[in-house]
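**Student:** What follows is a structure written as structure tokens; I'll ask about it next.
The values are calculated or read from the model by the stated rules, or taken from the named source; none is laboratory data. Note that the coordinates shown come from a computational prediction; the quantities given were computed from them, not determined experimentally. Please note: Cβ atoms are built from the backbone with ideal geometry, for glycine as well, and neighbour counts cover all protein chains shown.
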Amino acid sequence: MQQTQARINIYALLSRVLLQELDLELLKTIQNDENILEFFPTFKEWGALKEVENKKLLDEFINPDFVNLSVLHLIPYETFYTREDQMVETGGANPVTDMYSAYDFMVDFEKARTVSADHIGVELEFMHHLASAELKALESDDQKAVAELREVQYEFLNKHLLNWAPMYLINLKYEARTPLYYDAADLALEFILSDNEYLTEELKK
């Protein structure tokens with residue numbers, strides 16, 4: 001159960017950081033939580049973190065970097081990487097929508113900085129949604145539901161995230177101008193690969 005809770009926390013953090021600009025509250029949370037800072041080692045040592053006040057840090061460094069990486073320069077959508085024409089599928093034909101619907105997951109397009117359901121932040125949020133459902137099943141000792149939810153998480157990782165996200169995350173790491181997104185790319189890449197290994201082992205049991 002502890003492992004599942006840890007997975008939930010990491011998926012939630014990565015989804016939020018990659019889905020939209022940071023606000024002051026989230027920046028303070030990251031700065032003040034030693035457990036979170038362990039995941040962002042370069043950011044933790046960033047001189048500007050101690051020298052620049054938070055609002056300026058967001059307005060002049062972190063959020064412009066997000067816009068450059070996720071809106072202007074790179075394209076954080078699965079269909080861009082998997083379609084031959086490199087078009088982002090914004091409609092119902094998007095390959096992730098059936099799985100979202102099957103597990104009662106709704107994309108809040110107004111809140112998120114996204115035009116399509118296959119944005120990396122949304123796909124990570126869906127994994128968070130599935131892992132949260134798995135935790136509830138574990139708490140209820142519903143082993144059949146636990147096994148099914150782990151199978152779905154494994155399937156989604158392999159059919160979707162692992163098919164394209166590593167390419168985007170390597171580009172993100174290379175193009176990042178701030179340590180926050182450099183570390184976020186590194187963490188996301190390492191985590192989805194290790195989580196796939198974890199699910200593979202769990203499904204063998």
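**Student:** Examine the range 182-190 for a residue that is part of a helix (DSSP H, G or I), touching a residue at least 24 places away in the same chain (Cβ under 8 Å) and more than 22 Å from Thr4 (Cα to Cα), and state whether such a residue exists.
**Tutor:** yes
**Student:** Which condition from (1) within 25 Å of Glu175 (Cβ to Cβ); (2) surrounded by 14 or more Cβ atoms within 10 Å (Cβ to Cβ) is the one that Asp85 breaks?
**Tutor:** If we test Asp85 against (1) within 25 Å of Glu175 (Cβ to Cβ); (2) surrounded by 14 or more Cβ atoms within 10 Å (Cβ to Cβ), just (2) comes out false.
**Student:** In the range 117-154, what residues are of a type in the set (Gly, Ala, Ser) and within 11 Å of the chain's Cα centre (by Cα)?
**Tutor:** Answer for the range 117-154, where residues must be of a type in the set (Gly, Ala, Ser) and within 11 Å of the chain's Cα centre (by Cα): just Gly121.
**Student:** Also, quick follow-up: Before we move on, is Leu187 out of contact with any helix residue (DSSP H, G or I) (no Cβ under 6 Å at 6 or more places or on another chain), under 22 Å from Ala112 (Cα atoms) and modelled with pLDDT of 95 or more?
**Tutor:** For Leu187, the condition - out of contact with any helix residue (DSSP H, G or I) (no Cβ under 6 Å at 6 or more places or on another chain), under 22 Å from Ala112 (Cα atoms) and modelled with pLDDT of 95 or more - is met.
**Student:** Now for a separate question. Of all residues in the range 168-192, which are touching a Phe, Trp or Tyr at 6+ places or on another chain (Cβ under 6 Å) and surrounded by fewer than 23 Cβ atoms within 10 Å (Cβ to Cβ)?
**Tutor:** If the condition is that a residue be touching a Phe, Trp or Tyr at 6+ places or on another chain (Cβ under 6 Å) and surrounded by fewer than 23 Cβ atoms within 10 Å (Cβ to Cβ), then Lys173, Ala176, Thr178, Pro179, Asp183, Leu187 are the ones that fit.
**Student:** Here's another thing I want to ask about it. Look through the range 91-143, keep the residues that are in a helix (DSSP H, G or I), in contact (Cβ under 8 Å) with a residue 40 or more places away in the chain and acidic (Asp, Glu), and return whichever of them is surrounded by the most Cβ atoms within 10 Å (Cβ to Cβ).
**Tutor:** Among residues in the range 91-143 that are in a helix (DSSP H, G or I), in contact (Cβ under 8 Å) with a residue 40 or more places away in the chain and acidic (Asp, Glu), the one surrounded by the most Cβ atoms within 10 Å (Cβ to Cβ) is Glu123.
**Student:** Quick check, is Val52 of a type outside the set (Lys, Arg) and in contact (Cβ under 8 Å) with a residue 40 or more places away in the chain?
**Tutor:** no
**Student:** While we're looking at this one, here's another question. Answer yes or no: is there a residue in the range 194-205 that is on the phi < 0 side of the Ramachandran plot, surrounded by 13 or more Cβ atoms within 10 Å (Cβ to Cβ), without any contact (Cβ under 8 Å) to a residue 40 or more places away in the chain and not β-branched (Val, Ile, Thr).
**Tutor:** No, the range 194-205 has no match at all.
**Student:** In the list Ala165, Ala147, which residue meets the criterion of being buried (at least 20 other Cβ atoms within 10 Å of the Cβ) and touching a Leu at 6+ places or on another chain (Cβ under 8 Å)?
**Tutor:** Every option except Ala165 fails the conditions.
**Student:** Which is surrounded by fewer than 17 Cβ atoms within 10 Å (Cβ to Cβ), of a type outside the set (Lys, Arg) and touching a residue at least 40 places away in the same chain (Cβ under 8 Å), of Thr4, Thr29, Thr42?
**Tutor:** Thr42
**Student:** Is it fair to say Glu125 is among the charged types (D, E, K, R), at pLDDT 95 or above and either out of contact with any helix residue (DSSP H, G or I) (no Cβ under 8 Å at 6 or more places or on another chain) or under 20 Å from Thr4 (Cα atoms) (or both)?
**Tutor:** Against the criterion (among the charged types (D, E, K, R), at pLDDT 95 or above and either out of contact with any helix residue (DSSP H, G or I) (no Cβ under 8 Å at 6 or more places or on another chain) or under 20 Å from Thr4 (Cα atoms) (or both)), Glu125 qualifies.
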